[in-house]
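The values are calculated or read from the model by the stated rules, or taken from the named source; none is laboratory data. None of the values given here were measured: they were computed from a predicted structure. As a convention, Cβ positions derive from the backbone with ideal geometry for all residues, glycine included, and neighbour counts pool all protein chains shown.
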Amino acid sequence: MNERVLIKDLSALPEGTVTVSGWVDTVRDQKKVQFVVLRDESGAVQIVNPATREIAEDDASSAERVATTEAISGLSQGSFITVTGTLKHDERVKLGGLEVKLATMDVVSHAIPETPIAADSSLDKRMDWRFIDLRQPKQNLVFRIQTTFEHALRQYWIDNDFIEIHTPKLMASASESRAELFEVEYFDTKAYLAQSPQFFKQMAQPAGFGKVFEVGPAFRADPSFTSRHATEFTSIDSEISWIDSHEDVMQLHEDLIVAGFTAVVEKHGDAIRELFGLEVTVPSTPFPRIPLAEAKRIVAERGYEVPRADDDMDPEGERQIAAYVKEEFGHEFVFLTDYASSIRPFYHMRNDEDGSLTKSYDLIFNGVEISTGAQREHRVDVLIEQAKEKGLEPEELEFYLDFFRYGVPPHGGFGMGLARVLMLMLHETSIREVTYLFRGPTRLAP
Ligand code: AMO
C-alpha cells in the first residue's frame, strides 16, 4: 500500500511532504505556473506546479521538470494521477485553504478526453456512467452511510441474540402478489425470483430460531417508473417469535431505526450537514401510531380525500399524514396500523375483535412508506381459509402450510426497503440516487 492521504484529511496535517491520488478535475495551464484541481472520493485540492518549459543545460533536473510540465499540459479530465509534493496551508487559496506544491507526478491511468457526464447531466445519463457519477464525495458518502446504517442494525441484532439467515432467491411459488413475479426457466420447470424472504424467515420460527434477520435482494416485476420502485432492491427483514401482537414488532422496528440513525448521526452528521445541507436527527420513541381508518379521517379533515375508500393509503395521503404527524408530534416517523384484510396478504393475522382488519402496519418516514410489518397467522386452518379467500391454491403452498402443522410459536416481523430509508433520510428525490446500481423496467445495465 502506498502512503496516499485522503484529500479531506490534508487540512489536519502539518506542512510537509504528502502523497495524494485522484482524478484530474481541471487544469489551468499558465505560462509560468500550472494548477491542477485533483479530486478523490473525499474532496478536492489544488496542486501547483512551477512550469519549466525549456531544458537548461546547467540544470540536471530541468529535463525532468520539463517532462512533468508537458505531462500536466496534456492531462485530460478524469485521468487518475498520484502526486507527491509539499503541503502548504494558505488561507488565500479558495479551495480548502491549502495547496500541494508538486515534486513528482505519476499518471496512473489516462482518461479519454471529454468526460461523458457533467454535474448537470440527467439522472438517466448519470446512471449510464454510474462509476464516474459515484466519484463525487456526496455519492461516496451515501454508501458510507449505508454501511454504517447496516452495521448498526446488525450490531443490534447480534447484541439481542438474533440469528442471521440467508434465504434462497429462487422459489417454487410467489410469496407476495402474483402480479409482480419474475418467472425464470429452471431446467424443465419454472422458478420465481423471491419477492421477499417472507416464507423462509417465517420457517425459522417452527425451526426454533426465535429471532432472525436477513439483509438481501428482493425482486418485483413492477413495471412502474416511480421514484420509489425498483425491480430489484435490498430488503431488510426481521422475524421474531413469542409476540403478543404487531405492537411487539413495532417496538423492535423502532429500536432498530434508532440504532441505525444514532450510528449515522454520530459518524456522518457533520459530513451530511456539509454535503447535503441537512440535519439528520435520531427519532424519539415510541413513534406515533395511528390506525389507518383514523389516518384517513385526519387527512380528509385536512382537505384531502384518499381515493378508493376501502383501499390503501395513496402517496399523497402518506404525505398528508406525515405533515400532520410532523405538526402534531414533531416526528418524522409514523406507524399506520390495522390495515384492512382486503388489501393485506393472506398470512397477516386478523384482529381479534374486527376480522376485517389485520394486526399489521406500514411505517411511514418523511411521507413515504419504508416498511410493512405484521403478526402472522399461525393457525393452519385459519391460514388455509385466508389463502383461499385471496384466490390462492393451498396445494401450491403445501410446503409453507407444513410450517404450521408441527408446532409453531406466535410470531411476526417486518420487511423494509434499504434504499427508501436512505432516500428519505437524505431528502433525495429518487431511490436511484442511493442505489449502487439501480434496476428498473428499462434498466439492466450497467
Ligand atoms: P412489502 O411488499 O410492503 O412487504 O415490502 C416491504 C418494503 O420493501 C420495500 N419495497 C420496495 N422497494 C423498492 N422497490 C420496490 N419495488 C419495492 N417493493 C417493496 C418498501 C416496502 O415497504 N413480506 C412483506 C414484509 C413483511 O411483512 O415482513 C413485504 O414484502 O420499503
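Checking Leu437, Leu401 one by one, the residue that is hydrophobic (A, V, I, L, M, F, W, C), closer than 16 Å to Asp133 by Cα and either surrounded by fewer than 20 Cβ atoms within 10 Å (Cβ to Cβ) or in contact with a Cys (Cβ under 7 Å, 6 or more places away or on another chain) (or both) is Leu437 and no other.
Given the criterion at pLDDT 95 or above and out of contact with any Asp or Glu (no Cβ under 8 Å at 6 or more places or on another chain), identify the matching residue among Glu15, Glu64, Glu57. Before you say what the answer is, go through the steps one by one.
Working: Glu64 fails: at pLDDT 95 or above; Glu57 fails: at pLDDT 95 or above.
Glu15 is the lone residue from the list that is at pLDDT 95 or above and out of contact with any Asp or Glu (no Cβ under 8 Å at 6 or more places or on another chain).
Is the range 261-273 home to any residue that is surrounded by fewer than 16 Cβ atoms within 10 Å (Cβ to Cβ), under 24 Å from Ala152 (Cβ atoms), modelled with pLDDT of 95 or more and among the acidic types (Asp, Glu)? Within the range 261-273 (the criterion being surrounded by fewer than 16 Cβ atoms within 10 Å (Cβ to Cβ), under 24 Å from Ala152 (Cβ atoms), modelled with pLDDT of 95 or more and among the acidic types (Asp, Glu)), the answer is yes, since at least one residue qualifies. For first residues located in the range 157-181 and farther than 12 Å from Phe199 by Cα and of a type in the set (D, E, K, R), partners that are within 13 Å of the ligand (Cβ to nearest atom) and in a loop (DSSP other than H, G, I, E, B) and lie 6+ apart or on another chain with Cβ distances below 7 Å form the pairs Glu180/Gln195; Glu180/Arg220; Glu180/Ala221; Glu180/Asp222. Taking every residue in the range 225-246 that is closer than 14 Å to Val421 by Cβ and basic (Lys, Arg) and pairing it with any residue that is within 8 Å of the ligand (Cβ to nearest atom) and at pLDDT 95 or above, at least 6 positions away or on another chain, the pairs with Cβ-Cβ distances below 7 Å are Arg228/Arg420; Arg228/Ile431. The condition (being under 22 Å from the mean Cα position of the chain (by Cα) and of a type in the set (Asp, Glu)) is satisfied by just one residue among Glu385, Glu353, Glu332: Glu332.
Among the residues making up the range 196-239, those that are out of contact with any Leu (no Cβ under 6 Å at 6 or more places or on another chain), crowded, with 20+ Cβ neighbours inside 10 Å and among the aliphatic types (A, V, I, L, M) are Met203, Ala204, Val212, Ala218, Ala230.
For the range 381-398, residues that are without any contact (Cβ under 8 Å) to a residue 40 or more places away in the chain and either surrounded by fewer than 17 Cβ atoms within 10 Å (Cβ to Cβ) or among the acidic types (Asp, Glu) (or both) total 9.
Out of all the residues in the range 224-257, which are acidic (Asp, Glu) and outside any helix (DSSP H, G or I)? Of everything in the range 224-257, those that are acidic (Asp, Glu) and outside any helix (DSSP H, G or I) turn out to be Glu232, Asp237, Glu239, Asp244. Screening Ile343 against (1) in contact (Cβ under 8 Å) with a residue 40 or more places away in the chain; (2) surrounded by fewer than 21 Cβ atoms within 10 Å (Cβ to Cβ); (3) among the hydrophobic types (A, V, I, L, M, F, W, C); (4) farther than 23 Å from Gly407 by Cβ leaves a single unmet condition, (1).
Restricting attention to the range 334-348, and to residues there that are in contact with a strand residue (DSSP E or B) (Cβ under 7 Å, 6 or more places away or on another chain) and closer than 18 Å to Asp237 by Cα, which single residue is farthest from the ligand (Cβ to nearest atom)?
Initial filter on the range 334-348 (in contact with a strand residue (DSSP E or B) (Cβ under 7 Å, 6 or more places away or on another chain)): 334-341, 344, 347-348.
From what is left, the residues that are closer than 18 Å to Asp237 by Cα are 335, 344, 347-348.
On the way: Phe335: 12, Arg344: 9, Tyr347: 8, His348: 8 Å.
That would be Phe335.
Just one of (1) crowded, with 17+ Cβ neighbours inside 10 Å; (2) part of a loop (DSSP other than H, G, I, E, B); (3) not polar (S, T, N, Q) fails for Lys94. It is (1). In the range 356-429, counting only strands (runs of 3 or more DSSP E) that sit wholly within it, none holds 2 or more residues that are away from the ligand (no atom under 16 Å from the Cβ) and out of contact with any Phe, Trp or Tyr (no Cβ under 9 Å at 6 or more places or on another chain).
Sub-7 Å Cβ pairs linking a first residue in the range 346-373 that is on the phi > 0 side of the Ramachandran plot to a second residue that is more than 7 Å from the ligand (Cβ to nearest atom) and not in a strand (DSSP E or B), at least 6 apart or interchain, are Asn366/Ala322; Asn366/Glu332; Asn366/Leu424; Gly367/Glu318; Gly367/Arg319; Gly367/Ala322, ordered by first then second residue.
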